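One structure is given below, encoded as structure tokens.
The values are calculated or read from the model by the stated rules, or taken from the named source; none is laboratory data. Since the structure is predicted, the reported quantities are computational estimates derived from the model, not experimental observations. All Cβ positions, glycine included, derive from the backbone under ideal geometry; neighbour counts span all protein chains shown.
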Amino acid sequence: MSHKILEGKKGIIFGALDELSIAWKTAEVIKQAGGEFILTNAPVALRMGKIDELGKNTNSKIFAADATNLDDLNKLVEFTLNHFDSKLDFILHSIGMSINVRKGKHYTDLNYDWMAKGSDVSAVSFHKLMQTLYKKDAMNKWGSIIALSYIAAQRIFPNYNDMADNKALLESIARSFGYFFGKSKQVRVNTISQSPTITTAGKGVEGFNEFLSFSEKLSPLGNASSEDCANYIVAMFSDYTKKVTLQNLYNDGGYSSVGVSQEILDLVKDRIE
Ligand code: NAI
């Protein structure tokens with residue numbers, strides 16, 4: 001897919017850590033589609049990850065910013081506006097983290113300091129980012145802002161823990177802020193609810209491989225890969241989706257609409273026979 005549908009468009013990509021990251025794949029595909037961007041991640045992730053490599057490959061500048069820190073966000077947006085000498089057309093928020101998940105703390109025994117930190121990083125940071133862009137009037141008319149979510153915001157996935165609550169808040173913030181961004185600046189805001197995908201964040205969830213295999217068997221089209229997600233994001237950043245806003249969009253091979261599949265029934269049948 002080498003159509004230059006993002007030619008001339010400029011933006012910011014949050015959350016590329018290594019080549020498994022959804023944001024990494026997205027940066028590569030946006031570049032192929034003709035878009036230009038600043039790459040950003042938390043200072044600690046810049047030290048530990050491989051983002052320099054992605055910066056070189058996509059000819060992009062890298063700017064450190066903790067997405068929970070308003071001062072960092074202000075500096076990042078200022079830097080980007082100066083760098084491109086123009087307003088921005090697209091923003092990808094591809095950030096998630098739960099200390100409770102990381103440390104194996106059960107949902108019925110949460111550490112609330114960790115919960116607050118995870119919520120700030122995974123959900124409130126999206127509000128902070130949009131508020132920074134909004135106040136600086138940093139987005140071009142018909143710009144597009146996307147955050148990545150997961151279906152645990154709507155349905156129970158016990159091991160997803162407090163990340164389910166973070167995703168529910170993230171999706172709500174997208175709608176609430178998207179209303180104001182649409183009304184006064186003609187900018188669209190959506191979340192994309194992605195299939196389970198093998199990445200650093202994904203692998204942190206207990207039983208992730210079983211998860212992956214279950215959803216592969218339930219989805220008529222199979223799980224959506226990082227590349228599928230990247231292609232969808234490009235479509236959402238393009239001018240072909242100008243009137244799509246305030247939506248939680250499933251990129252999941254049909255998983256979210258299926259009750260049970262024949263493959264899962266066959267597995268259960270084998271078990272009970
Ligand atoms: P990843 O681990 O590659 O990306 C998460 C990113 O968040 C990392 O780059 C990390 O450095 C960044 N981050 C953490 N704290 C930050 C902070 N304070 N400031 C700035 N950046 C910070 O994993 P992945 O899977 O690519 O995650 C991207 C998004 O996709 C997340 O929102 C995740 O919840 C979502 N998602 C992932 C799925 C999966 O199965 N991997 C499924 C559905 C959604």
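Points to keep in mind about this one:
- Of everything in region 189-205 that is hydrophobic (A, V, I, L, M, F, W, C) and without any contact (Cβ under 8 Å) to a residue 60 or more places away in the chain, the residue that is nearest to S122 (Cα to Cα) is I192.
- Selection within region 18-31 - away from the ligand (no atom under 11 Å from the Cβ) and within 15 Å of C229 (Cβ to Cβ): A27, E28, V29, I30
- Failed item, numbered, when I192 is tested on (1) closer than 18 Å to G11 by Cβ; (2) more than 9 Å from the ligand (Cβ to nearest atom); (3) β-branched (V, I, T); (4) not in a loop (DSSP other than H, G, I, E, B): (2)
- Residues of region 16-46 that turn out to be farther than 21 Å from N140 by Cα and in contact with a Gly (Cβ under 8 Å, 6 or more places away or on another chain), as a count: 7
- Of the set (1) farther than 21 Å from D252 by Cβ; (2) of a type outside the set (A, V, I, L, M, F, W, C); (3) within 12 Å of the ligand (Cβ to nearest atom), all apply to N140 but (3).
- Selection within region 80-93 - without any contact (Cβ under 8 Å) to a residue 40 or more places away in the chain and either of a type in the set (D, E) or within 16 Å of the ligand (Cβ to nearest atom) (or both): D85
- Residues that are under 20 Å from the mean Cα position of the chain (by Cα), in a helix (DSSP H, G or I) and among the hydroxyl-bearing types (S, T, Y) occur in region 131-150; there is at least one.
- Selected residue (criterion: nearest to the ligand (Cβ to nearest atom)) from residues of region 58-79 that are charged (D, E, K, R) and more than 18 Å from the chain's Cα centre (by Cα): D72
- Residue ID - surrounded by the fewest Cβ atoms within 10 Å (Cβ to Cβ), chosen from residues in region 209-229 that are part of a helix (DSSP H, G or I) and touching a residue at least 40 places away in the same chain (Cβ under 8 Å): E227
- Just one residue in the set G49, G104, G96, G34 is within 15 Å of the ligand (Cβ to nearest atom) and surrounded by fewer than 21 Cβ atoms within 10 Å (Cβ to Cβ); that residue is G49.
- Residue among G15, G8, G55 that alone is more than 16 Å from the ligand (Cβ to nearest atom) and at pLDDT 95 or above: G8
- Residue list for region 195-221, filter: under 19 Å from I156 (Cα atoms), more than 13 Å from the ligand (Cβ to nearest atom) and aliphatic (A, V, I, L, M): L218
- Looking across region 254-273, the residues that are of a type in the set (A, V, I, L, M, F, W, C) and either at pLDDT 90 or above or within 32 Å of the chain's Cα centre (by Cα) (or both) come down to V258, V260, I264, L265, L267, V268.
- Hits in region 258-268 (condition: surrounded by 10 or more Cβ atoms within 10 Å (Cβ to Cβ) and in a helix (DSSP H, G or I)): E263, I264, L265, D266, L267, V268
- Among the residues of this structure, S219 does not count as one that is of a type outside the set (K, R) and out of contact with any helix residue (DSSP H, G or I) (no Cβ under 7 Å at 6 or more places or on another chain).
- Any chance I13 is more than 13 Å from the chain's Cα centre (by Cα), in contact (Cβ under 8 Å) with a residue 12 or more places away in the chain and buried (at least 22 other Cβ atoms within 10 Å of the Cβ): no
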